[in-house]
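Q: Just dropping this structure here.
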Amino acid sequence: MIRDAALDAAIVTTPDWTHAAIAIELLRAGVAVYLEKPLAITIEDADEILRTAHETGTKLYVGHNFRHAAVVRLMHDIIERGEIGDVKTVWVRHFVGNGGDYYFKDWHAEQSKTNTLLLQKASHDIDVVHLLAGAYTKRVVGMGDLMVYGDVTDRDTHEGETVRDWFSHDSYPPLAQTRLNPVIDVEDVSMMMMTLDNGVLASYEQCHFTPDYWRNYTVIGTEGRLENIGDTAGGVVKVWNRRHAAEWKVDGDLEYPIEGVETGHEDADVLTMHEFLAFVARDEKVTLSPVAARAAVAAGALAARSLRSGSQPLDVPDLPHDLVEHFARTTTVPSRTPTAPSPAA
């Protein structure tokens, strides 16, 4: 295809463990790449992709579409307006109600192909934490386990099938699931704590056997707190910015309706694709640097390494200055600039 089709650009939506090899081959051939998140399943592969894009000068865009979701743009705008003051901590809870069908009936369930669902699933949220807090993770601690789906003995390879063939909302409760992947060694509960390089503290929790399916952000600043109830149209972002006599107050002091689609993320997909095509065709700058995509991979991959090794704290390795500066030239918003590794390292 590279040899015969005279390609201008390619959209890579292949399984996660193939991202690095395919993206690197395309970049070396001078083909602009839209690479679905996660950027890669290891820090080493992520860095090699960035290094190849830098050395070849080929355009690279990573599909972190959730940055364009209405709920994320709304929360970001509230923070930018100063309605909760300076952000000090971000908490994320992700209830993955369809997790058994989406992630435990095919290759997603295997560490060798996914590494961790803190990448395949959580890379969206880690990236959004970085966006809302204005910094990247520098230290991470993970905790998690395979708590439910490993006990299900009914297994199947699903040869020739895709998720549409087996998905059903009737697949509940979780232990009643059938035809799970023959190999399951990723965690169905994962938690991580992050220290960001501007001092913000963040946490992320993910569970794949809840009955409901949505993500909840809480952002606390020096002058208030915001929280989303729902993450698509019909939901609301609430802001509490003064004290009350009542010990708890369900209504926010300010409430902002979430716009966009009622389910899914088609609106964010469209905005993401528009940005990529404008980047390729007209050299317009983008809102997501591949450096940010690498930061999400680094935090998620190290959290998995931490949770699998007794929850030891791990530090994110710095990205060399030349890579940071290269991608900053095509990004519209100022991004945190990691320091290059010291000579001693």
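The values are calculated or read from the model by the stated rules, or taken from the named source; none is laboratory data. Remember, predicted model here, so these are calculated numbers, not experimental data. With ideal geometry, Cβ positions are generated from the backbone for all residues, glycine too; neighbour counts draw on all protein chains shown.
Q: Being among the acidic types (Asp, Glu) and in a strand (DSSP E or B) is the requirement here; does Glu255 meet it?
A: Yes: the conditions hold for Glu255.
Q: Any chance region 96-113 includes a residue that's outside the structural domain of Glu25 (by TED's automatic domain parsing), over 30 Å from Ser168 (Cα atoms), over 13 Å from the mean Cα position of the chain (by Cα) and not basic (Lys, Arg)?
A: no
Q: If you don't mind, another one. Can you pull out the residues in region 86-126 that are acidic (Asp, Glu) and closer than 20 Å to Thr210 by Cα?
A: Hits for region 86-126 are Asp101, Asp106, Asp125.
Q: If I filter region 164-195 down to residues being under 25 Å from the mean Cα position of the chain (by Cα) and either charged (D, E, K, R) or not assigned by TED's automatic domain parsing to the domain that holds Gly144 (or both), which single residue comes out as farthest from Ala135 (Cα to Cα)?
A: Arg164
Q: I need the strands (runs of 3 or more DSSP E) fully contained in region 180-240, keeping only those with at least 1 residues that are surrounded by fewer than 17 Cβ atoms within 10 Å (Cβ to Cβ) and out of contact with any Asp or Glu (no Cβ under 8 Å at 6 or more places or on another chain).
A: In region 180-240, the matching strands (runs of 3 or more DSSP E) lie at 201-207, 224-229.
Q: With the requirement that a residue be surrounded by 14 or more Cβ atoms within 10 Å (Cβ to Cβ) and hydrophobic (A, V, I, L, M, F, W, C), what does region 274-294 give you?
A: If the condition is that a residue be surrounded by 14 or more Cβ atoms within 10 Å (Cβ to Cβ) and hydrophobic (A, V, I, L, M, F, W, C), then Phe276, Leu277, Phe279, Val280, Val286, Leu288, Val291, Ala292, Ala293 are the ones that fit.
Q: Sticking with this one: For residues that are under 23 Å from Lys88 (Cβ atoms) and either in contact (Cβ under 8 Å) with a residue 12 or more places away in the chain or hydroxyl-bearing (Ser, Thr, Tyr) (or both), scanning just region 243-273, find the one that is surrounded by the fewest Cβ atoms within 10 Å (Cβ to Cβ).
A: Glu255
Q: Please enumerate the residues belonging to region 75-99 that are over 21 Å from Ile41 (Cα atoms) and small (Gly, Ala, Ser).
A: Gly82, Gly85, Gly97
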